[in-house]
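To keep things clear, I will list the structure first and then write my remarks on it.
Any read-out appearing in this document is the output of simple, stated calculations on the displayed coordinates, not a laboratory observation. Here the structure is a predicted model, which is why all the values come from computation and not from measurement.
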């Protein structure tokens, strides 16, 4: 019985030791998988051939195309109005609501103010005073033989004073949108034609974006009542990188696209180039004027734009070489760095293993060694410039070696391999 217990104990310890040997390499492999920010992919010649990866030297290409940038639709401030009144009063009526289309001069609301009646009666009084002063002056001039020059001078002064007062009141009537002609033929009842309400009218044609008043509300001249916008023309503000600024000029043609309308293109031209440089984004604001087809482009929409330019001899790559991930753009280059058989050192580590297993490892090593050394492909971050249907200008953010060759075919395979390594799925 003692012999059986000893055998069982020995067998259990053997299992634990062998398990311990297996756990250690797994842990090392797990740590390898958590390497972050991978920028290199290492492949054998056989893998490169299977993936169809092709490279070519980075070259200078004659490109006449466009600069592709992003932007945002903005209101044309010359076609925008925030409407208020010039006198205080209580809102009597409101004729429009948010979303209404209005014409220039259309009445939006009316307000009641007792001062309106006072101004008009003052004007009627001044008009009568002018007529009386004129009649008296003319009469005294006709009998000038018996009227002193001093009296005539006084009458002329009275007439001019009355006329000045009337002209001043005419200006106030005009500002209150009251036509003085309504008082040209006054009867005995001078208040018949008095206007009792002040009309709030739209200075432009457009759409009522917001309405801030209700019937019965008391308002003063500082209160904004309506916001009206005409979107028949809009601006698009584009952000141009410093490297592209020399290629931009006023009047340059721009093609605007938005995801809302698919492939529909809106044409415009550069109206203004901002003179202030944004140091944080390293960009300059460029404003494009657009004739807005059917008012489709709405303020604050995001758009993409192609600024048409002519350029000669720029450092460019095929579009198949460029990878775009969000805001990040990069290419892959084949470097001069080569990796000899990575498993060679493992042969020495396992010399203590049984002979059959050693032969098996040696065969694998010899087979891989016959495939030659592995080749490194490095991810290089870039910014882009002018592009056409085939080529895109690049500005490497990272330093490139003069012997590096750009991957022209198979870049997406390398991207996939890079992602595998970042996620810990690549075989080691």
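Some notes on this structure:
- Largest first, the three principal axis extents of the alpha carbons in the stretch 78-229 are 72, 35, 25 Å in whole numbers.
- Its alpha carbons give the stretch 30-157 an Rg and a Dmax of 42.1, 128 Å.
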